[in-house]
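The values are calculated or read from the model by the stated rules, or taken from the named source; none is laboratory data. Keep in mind it's a predicted model, so treat the numbers as computed, not measured. Heads up, the Cβs are rebuilt from the backbone with ideal geometry, glycines too, and the neighbour counts pull from every protein chain shown.
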Amino acid sequence: MPEGCVRSNRDEAARALYDERRKLLAGLMMSEAEPWEDLPEDVKERWRQKTESSGTQEGAREPRKHSEGQDH
């Protein structure tokens, strides 16, 4: 796969995740986040890394059962 295509896929995935989380801020009564285009390159790279790691880390975790960690 050409490097430009891989970069584009990383950017699209990162932007989609960023935009999804950005929309949630209004529901949490948080101030609006800046648009993707206005983010510094180092911040965009952090979002790209989040999308790459989310498929391996979050998929590997099992949800905690309600009774775990509670003394009855």
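Summary table
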{"quantity": "First in the stretch 36-50 and hydroxyl-bearing (S, T, Y), second anywhere and in a helix (DSSP H, G or I) and modelled with pLDDT under 95, Cβ under 7 Å, 6 or more apart", "calculated": "none"}
{"quantity": "Close pairs from the stretch 13-31: first free of Cβ contacts under 8 Å to residues at least 40 places away in the same chain, partner outside any helix (DSSP H, G or I) and loosely packed, with under 12 Cβ neighbours inside 10 Å, Cβ under 6 Å, at least 6 apart", "calculated": "none"}
